[in-house]
Amino acid sequence: MLKFYSLKLYNTFGLDVITKYFVIAITNHDILQAWQFSQNKNIPFLILGAGSNIVFIENFSGIIVLNRVKGIKVKEDINKWRIHVNSGENWHFLVYKMLKQGIFGLENLALIPGMVGAVPIQNIGAYGVELKDFCEYVDVMNLKNSRISRLYNNDCQFTYRSSIFKSEKFINFVIIAVGLALKKNGSLY
């Protein structure tokens with residue numbers, strides 16, 4: 001854990017603000033420990049991905065957790081490619097990697113900034129395609145009890161640029177992985 005750390009490299013505008021505590025999480029346990037630390041110190045807790053959807057107007061008095069929990073697993077069945085992606089993966093990198101492997105369907109969502117963990121919150125979309133079209137499930141961890149749950153597509157209540165993850169119900173949860181299903185006979189859009 002770092003103290004009084006600059007966030008200049010972790011926000012789109014490059015504002016040189018300071019956070020009191022800074023953690024780079026490479027495991028889900030790192031995220032959980034940082035949250036527990038915030039609760040013990042009674043300080044604000046914020047998970048940061050690419051910093052593309054946040055503007056800091058002043059120094060942050062809590063703990064910022066940079067989500068870098070990586071991992072991409074690809075499986076196939078007769079009709080679909082099934083992709084399990086950890087939340088700290090860069091979204092555009094995922095799209096690029098799938099295209100290089102000949103797995104199509106996500107290409108309209110290329111160049112959207114951010115990390116995989118943020119994608120279901122916003123139900124990202126472009127050129128007539130939205131995440132909800134490919135999302136099979138979202139895995140979340142309850143920070144209060146460390147339990148992991150899987151919410152399937154219908155449970156996520158995807159709507160235009162929104163989902164259940166924006167509700168107060170998920171204030172003490174963190175998205176840890178996303179499951180995607182892409183048709184094997186898919187083609188470039």
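Worth pointing out:
- Failed item in (1) open to solvent by less than 10 Å² (accessible area, probe 1.4 Å); (2) of a type outside the set (A, V, I, L, M, F, W, C); (3) under 29 Å from Y5 (Cα atoms), with Y21 passing the rest: (1)
- Here the condition is being loosely packed, with under 14 Cβ neighbours inside 10 Å and acidic (D, E); of E58, E89, it holds for E58 alone.
- Candidates I24, I47, I43: the one that is at pLDDT 95 or above and either among the basic types (K, R) or in a loop (DSSP other than H, G, I, E, B) (or both) is I43.
- Residue ID - nearest to N28 (Cα to Cα), chosen from residues in segment 136-175 that are open to solvent by 70 Å² or more (accessible area, probe 1.4 Å) and not charged (D, E, K, R): I148
- Residue, modelled with the lowest pLDDT, within segment 141-189, restricted to residues that are hydrophobic (A, V, I, L, M, F, W, C), over 26 Å from M98 (Cβ atoms) and touching a strand residue (DSSP E or B) at 6+ places or on another chain (Cβ under 9 Å): F170
- Scanning segment 109-125 for residues that are open to solvent by 20 Å² or more (accessible area, probe 1.4 Å) and either at positive phi or of a type outside the set (G, A, S) (or both) gives L111, I112, P113, I121, Q122.
- Filter result (over 22 Å from I124 (Cβ atoms) and crowded, with 20+ Cβ neighbours inside 10 Å) within segment 39-55: F45
The values are calculated or read from the model by the stated rules, or taken from the named source; none is laboratory data. Just so it is clear, the model here is predicted, and its values are computed rather than measured. Every residue, glycine as well, gets a Cβ built from its backbone with ideal geometry; the counts of neighbours run over all protein chains shown. Accessible surface areas use protein heavy atoms only, side chains included; no ligands, DNA or RNA. Shrake-Rupley method; radii C 1.70, N 1.55, O 1.52, S 1.80 Å.
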